[in-house]
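Asker: So that we are looking at the same thing, I have put the structure below in structure tokens.
The values are calculated or read from the model by the stated rules, or taken from the named source; none is laboratory data. Predicted model, so just to flag it, every value in this text is computed and none were measured. Here the Cβ is made from the backbone with ideal geometry for all residues, glycine too, and neighbour counts use every protein chain on show.
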Amino acid sequence: MIAKRVALAGALLLLSITPSISQLRRPMTCTEEASVRLDAATSEEAKPQPRKARTFSVVSSGGLLTVISAGRSDYYECQPASPRLNERTPRNAIKCQNGVYFLLIDLNRMNFVEAQLNPEERQEVKVSYGTCRTL
């Protein structure tokens with residue numbers, strides 16, 4: 001009897017932590033609220049350079065996240081973001097990666113953070129954040 005209750009509690013906890021499959025299958029539109037690029041070419045110290053915000057669409061299918069922006073499709077591999085003991089990672093979030101692009105989407109608050117990190121091109125380091133909404 002106790003083992004069944006513990007198993008049920010564990011299953012409910014697991015369901016509350018992992019992103020809802022239905023949330024991931026619905027297309028979303030995301031809009032950047034802020035985007036900053038570090039431009040190391042102008043001086044020895046990198047200075048933040050504001051960039052024009054963009055809007056992009058996000059669709060999940062077949063284990064991949066498709067990001068559609070300006071007529072171009074990029075494919076990301078995703079997994080649930082699992083919080084560590086000392087981190088404040090959202091409990092219902094996915095983290096995705098595509099080469100030098102990293103994307104974290106909080107499915108509870110519908111917020112995202114995106115980073116572009118390219119060690120070969122230091123002037124292509126960019127961080128942006130914004131909100132998403134389901135269609």
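Asker: Select from the stretch 63-96 the residues that are closer than 20 Å to Val36 by Cβ and aliphatic (A, V, I, L, M) and write down the one among them that is surrounded by the fewest Cβ atoms within 10 Å (Cβ to Cβ).
Answerer: Ala70
Asker: Give the stretch 21-46 a look and list any residue that's more than 16 Å from Glu124 (Cα to Cα), aliphatic (A, V, I, L, M) and modelled with pLDDT under 65, or say none.
Answerer: Within the stretch 21-46, Ile21, Leu24 qualify.
Asker: Which residues, counting only those in the stretch 97-135, are closer than 17 Å to Thr29 by Cβ, surrounded by fewer than 18 Cβ atoms within 10 Å (Cβ to Cβ) and either modelled with pLDDT under 90 or of a type in the set (Gly, Ala, Ser) (or both)?
Answerer: Of everything in the stretch 97-135, just one residue is closer than 17 Å to Thr29 by Cβ, surrounded by fewer than 18 Cβ atoms within 10 Å (Cβ to Cβ) and either modelled with pLDDT under 90 or of a type in the set (Gly, Ala, Ser) (or both), namely Leu135.
Asker: Exactly one of these conditions fails for Pro90: (1) touching a strand residue (DSSP E or B) at 6+ places or on another chain (Cβ under 7 Å); (2) outside any loop (DSSP other than H, G, I, E, B). Give me its number.
Answerer: That leaves (2) as the condition not met.
Asker: Still on this structure: With respect to the numbered conditions (1) modelled with pLDDT under 85; (2) assigned to a strand (DSSP E or B); (3) under 17 Å from Thr131 (Cα atoms); (4) among the polar types (S, T, N, Q), which one is the sole condition not fulfilled by Gln49?
Answerer: (3)
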